[in-house]
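Comments concern the structure below.
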Amino acid sequence: MSQTDESAATPDADGESSAPTAHGGVHALEVARAHGVQAMFTLSGAHVFPMYDAAVTAADPMPIIDVRHEPTAVFAAEAVGKLTRTPGLAVLTAGPGVTNGVSPVAQAHFAGSPLVVVGGRAPAGRWGMGTLQELDHPPIFETVSTWAATAHTLADIAPTVHEAFNRAGSSHRGPTFVDVPMDEFFNAGPLGAATGPDRAPLQPNADDLNRVARLLQDAHHPVLVLGTDVWADGAEDAASRFAAETGIPVIANGMGRGLLPGGHPQLVTKARSAAFSGADLVVVAGTPLDFRLGYGVFGGKDGATPARVVHLADSPGQLSTHADLAGSAAGDLTLVLDGILAALQSAPGSRPDWSSWLGQLQDLVSAAAARDVDLLASTSDPIHPARIYGELLPRLADDAVVIGDGGDFVSFAGKFVEPQRPGGWLDPGPYGCLGAGMGAAMAARITRPSSQVVVLFGDGAAGMSLMDVDTLVRHDLPVVMIVGNNSAWGLEKSPMQMLYGYDVAADLAPHTRYDQVVTALGGGGEMVTDPAQIGPALDRAFASGVPYLVNVMTDVSAEYPRTTHGV
Ligand SMILES: Cc1ncc(C[n+]2csc(CCOP(=O)(O)OP(=O)(O)O)c2C)c(N)n1
Ligand SMILES: [Mg+2]
């Protein structure tokens, strides 16, 4: 117990002190702390002052990262959740502060990111009378969060916040929201002992695991897809064991990147389309069968038989209801993967040998890598975005955190960046909300203090959060930002051209000096127009020790060759 005023302890009948008293902010913050929160992200508003008072008056004060626009606070807290697999905390003031947080909460909902948002709320004592920013928030979050509730009284605060953290951090993870009426937040009353998470791993069904093992036993050309929830569920060791023991080819998706390190012989992400079209069994672990995975249909072109599909999820509600599944299992993903492996290893008959199938895919990976060499070294003028990755990749440390926020420029990152460790790649996930990168960078710098942190911005996306470089500077959070500046909302420009033969609302001002925005705010930066200068600029950025933006002018006609637009 760190932040109670002992002189305010409530005397009981014998005159001895019983539970100490504290205001509502302390009630909420002590619970957050018990759930592992180490920093709060916020933008000021009087409705939530008790949270700040609780943070700064604690014996062990909690850092407050105050931002310039609420979405950055929530994206930062979401990214804390993604990086640490413990819910992050954002605190938003009533009304506009809370509604500014809706898109990031929706993003966390789609990505299954553990996140708790505590909101201010107009005072209960004047509810309905039209106080400033009086809005009933929880209904707004009904479709975009795991759970949303009001803690109506001081006594409700601790249990409601506890519930919010438990739900946010339990499979399937996601965002939760609690608002507290201002008068109750400022009220003081007895403070109970805060307790941490209480959740048990979800047990998968043994028959389901055996069935999946039999499907693997029968498969000649299987592929395993490892997605975000494998990392989020802490199943990285089980995933490595499964891959090592079976020899199965693996494709990484979302935060599943890095579960097998870049260059691992079984990692065939670069041969993804051949792997999917040639597979007879696709096992998808820890990610939905959405547009990123062809809605769960693999192969089957030109009359061929499509692959059988197995879906493994961290909880039953995540299992696909639209795909035609040959097998499925839901539960703690370590138990799921280890359980299938054990069933496969104890099955009668010989272990399947997939080495020649893996060999075919490895040849395709090598061919794809050889094809990329020229593009990564491109000397074209204007600069091809791939050249930026050609310069970045050899400079990335194994523990780097790479964040993508943009359209085509970031799609190239998805193609070229294969992290060495899990938890080192952050993208928005299936909701695809631009503007998340700056908050994610803050979270990465705070949670991985000694790692390189690199944000890859499209120029359009950068404009959504660049003012929050001010926050990086004020809080001494050095990160490297790289803008692929094609002076356009490129990912929208080329599809509009394709559909209409023209485009509108897709151009941005040419050669905008986003680097000078950063220097004006107290960081460093430079513009690059010569491909040979990208590498030296990156070296200066990494060495600078300040928020530093490398603004690279790129070729707007070098769009990403995509096969799907997500519909
Ligand atoms: C909040 C939000 N608004 C709009 C979009 C639609 N959108 C997707 S990609 C994109 C273009 C991104 O442009 P930029 O960041 O410059 O990257 P580029 O494609 O040019 O590399 C847009 C507008 C979105 N995904 N999210
Ligand atoms: Mg652009």
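A short reminder: the numbers here are calculations on the coordinates, not readings from a lab. Every value quoted in this text rests on a predicted model; they were computed, and no experiment measured them. Cβ coordinates were reconstructed from backbone atoms using ideal geometry, including for glycine residues, and neighbour counts include every protein chain displayed.
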Report summary line: With Cα coordinates, the longest principal axis of the chain makes an angle with the long axis of helix 437-447, in degrees rounded to 10, of 70
**Report entry** Under Karplus coefficients 6.51, -1.76 and 1.60, residue-wise ³J(HN,Hα) of segment 497-504 in Hz, glycine/proline x
**Finding:** 4, 5, 7, 10, x, 8, 9, 9
Report summary line: Once normalised by the length of the chain, the mean sequence separation of its alpha carbon contacts under 8 Å that are 6 or more apart gives a contact order in percent of 13
Query - Selected from THR57, TRP147, ALA461, residue furthest toward positive end of dipole (the chain; charges at beta carbon) - result: ALA461
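Could the peptides 275-281, 220-226 be put in order, highest first, of the mean number of other beta-carbon atoms found within 10 Å of their residues?
Ranking, from highest mean packing down: 220-226, 275-281.
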Query raised in the report: When only Cα pairs under 8 Å and 6 or more residues apart are kept, what is the percent relative contact order across segment 408-563?
Result: 24
Query raised in the report: Taking LYS301 as the anchor, which aspartates and glutamates have their alpha carbon closer than 17 Å to its alpha carbon, excluding any fewer than eight residues away along the same chain?
Result: ASP280, ASP324
Query raised in the report: Among the lysines, which have Cα under 27 Å from the Cα of LYS493 when same-chain residues fewer than 8 positions away are ignored?
Result: LYS270, LYS415
Query raised in the report: Which ³J(HN,Hα) values in Hz, rounded to whole numbers, follow from the phi angles of segment 138-154 under the Karplus curve 6.51 cos²θ - 1.76 cosθ + 1.60, where θ = phi - 60° and Gly and Pro get x?
Result: x, x, 5, 8, 4, 8, 10, 9, 6, 6, 9, 8, 9, 8, 6, 10, 3
Requested in this report: Return the distance in nm (one decimal) between the two label points of a simple spin-label model at SER350 and ASP363, each offset 7 Å from Cα along Cα→Cβ.
Outcome: 2.2
Report summary line: When the charge dipole of the chain is computed with +1 at the Cβ of Lys and Arg and -1 at the Cβ of Asp and Glu, the Cα pointing farthest to the positive end, of ALA73, GLY263, ALA206, is that of GLY263
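Note down the Stokes-Einstein diffusion coefficient of segment 416-497 in µm²/s, whole number, using a Kirkwood radius over alpha carbon pairs, 25 °C, and 0.890 mPa s.
Numbers: Rh = 13.9 Å.
Rounded to a whole number, D works out at 176 µm²/s.
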Query raised in the report: Taking H as built 1.01 Å from N, whose amide H comes closer than 5 Å to the amide H of LEU281, not counting residues under 5 places away?
Result: HIS221, VAL223, ARG308
Report summary line: Taking a ≥ b ≥ c as the square roots of the Cα gyration tensor eigenvalues, with a/c under 1.5 meaning rounded and otherwise prolate when a/b beats b/c or oblate if not, segment 306-361 comes out oblate
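Out of every Cα pair in the chain, what percent are spaced more than 32 Å from each other?
On the way: 78422 of 160461 pairs.
Of the Cα pairs, 49 percent sit more than 32 Å apart.
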Report summary line: Between the alpha carbon centres of segment 30-72 and segment 438-499 the gap in Å comes to 24
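Counting only GluC sites (Glu not before Pro) that sit in a DSSP loop (anything but H, G, I, E, B) with at most 12 other Cβ atoms within 10 Å, what is the longest stretch of the chain containing none of them?
143-567
Neighbouring Cβ atoms within 10 Å as the yardstick, rank PHE165, PHE291 fewest first.
Ranked by crowding around the Cβ, least crowded first: PHE291, PHE165.
So what is the relative contact order of segment 206-362, in percent, for Cα pairs below 8 Å that sit 6 or more residues apart?
So the answer I get is 32 percent.
Run through segment 139-241 and list the trypsin sites (Lys or Arg not before Pro) located in a DSSP loop whose Cβ has at most 14 other Cβ atoms within 10 Å. It would help to have the intermediate numbers written out before the result.
On the way: sites: ARG167, ARG173, ARG199, ARG211, ARG214, ARG241; in loops: ARG173, ARG199.
For trypsin sites (Lys or Arg not before Pro) across segment 139-241 that sit outside H, G, I, E and B with at most 14 neighbouring Cβ atoms in 10 Å, the list reads ARG199.
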Report summary line: For segment 3-190, inverting the pair-averaged 1/r of distinct alpha-carbon atoms gives a Kirkwood value in Å of 16.2
Query raised in the report: Out of residues 5 or more away from ARG121 or on other chains, whose amide H comes under 5 Å of its own, with H placed 1.01 Å from N in the peptide plane?
Result: ALA94, VAL180, MET182
Query raised in the report: How would you rank TRP354, TRP127, going from fewest to most other Cβ atoms within 10 Å of each one's own Cβ?
Result: TRP127, TRP354
Report summary line: Interchain or sequence-distant (5+) residues whose placed amide H lies within less than 5 Å of the amide H of ALA558 are none
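Contour minus end-to-end for GLU142 and HIS511, with contour as 0.36 nm per residue of separation and end-to-end as the Cα-Cα distance?
Numbers: separation 369, 0.36 × 369 = 132.84 nm, distance 4.19 nm.
Working it through step by step, the gained length comes to 128.7 nm.
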Requested in this report: Kindly put SER557, SER145, SER487 in sequence by how many other C-beta atoms sit within 10 Å of each C-beta, fewest to most.
Outcome: SER557, SER487, SER145
Requested in this report: Take the alpha-carbon centre of segment 317-375, take the same for segment 97-137, and report the distance between them in whole Å.
Outcome: 41
